[in-house]
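Following: one structure in structure tokens, then a few remarks.
The values are calculated or read from the model by the stated rules, or taken from the named source; none is laboratory data. Nothing here was measured: the structure is a model prediction, and the numbers come from that model. A quick note on method: Cβ atoms are made from the backbone with ideal geometry, for glycine too, and the neighbour counts reach across all protein chains shown.
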Amino acid sequence: MALPNVFDSAVTQSIINRINLLTPETKPLWGKMSVDQMLAHLNVTYELVYEEGKYPKPNFFMYWIMKLFVKKYVVSETPYQANSQTAPYFIIEGNKNFDEEKNRLIEFIQKTQQLGSDYFQWKKSHSFGELTSWEWNNMFYKHLDHHLKQFDV
């Protein structure tokens with residue numbers, strides 16, 4: 001079953017509608033992150049795309065491991081399991097500003113939709129090399145969906 005297309009404006013709006021259901025008091029169904037940390041965590045995905053140099057690139061060995069073993073899990077249509085492991089720069093500690101993180105995430109999602117699938121076709125990712133727009137879509141959508149479900153929206 002194909003995942004919804006984040007490059008489609010209706011899908012983008014449905015994701016934003018779910019994000020807008022969150023409040024600073026929303027509690028997770030699983031995991032240790034608070035809602036503000038989860039929003040900051042989701043923003044990392046987009047920072048890796050749009051904020052070049054913010055995070056160190058993996059060394060050759062880690063890049064090879066990521067591309068060979070992790071990529072197929074991340075870009076497939078298979079949903080993530082609850083409490084899945086994550087890369088160190090995705091671990092958010094301390095309190096974050098809920099409204100600031102929420103607004104940044106919505107802006108990133110809208111920017112991605114507006115740039116469209118052609119922009120992402122064969123775009124190089126931080127950890128996996130060149131990806132198709134289908135792979136980018138899966139990576140974006142399933143990560144968003146996973147954490148929005150974590151917070152029951």
Quiz prompt | Filter result (more than 14 Å from LYS72 (Cα to Cα) and at pLDDT 95 or above) within the range 125-139 | solution = SER133
Practice problem: Mind listing just one residue for me: the one in the range 106-139 that is closer than 14 Å to TYR46 by Cβ and of a type in the set (Lys, Arg) and, of those, surrounded by the fewest Cβ atoms within 10 Å (Cβ to Cβ)? | Solution: LYS111
Practice problem: Among the residues of the range 77-92, write down those that are more than 14 Å from VAL6 (Cβ to Cβ) and not β-branched (Val, Ile, Thr). | Solution: PRO79, TYR80, GLN81, ALA82, ASN83, SER84, GLN85, ALA87, PRO88, TYR89, PHE90
Exercise. Look at ASN95 and say whether it is touching a residue at least 40 places away in the same chain (Cβ under 8 Å), loosely packed, with under 12 Cβ neighbours inside 10 Å and over 23 Å from PRO4 (Cβ atoms).
Key: yes
Quiz item: So which residues in the range 23-77 are over 21 Å from PHE140 (Cβ atoms) and surrounded by 17 or more Cβ atoms within 10 Å (Cβ to Cβ)?
Solution: SER34
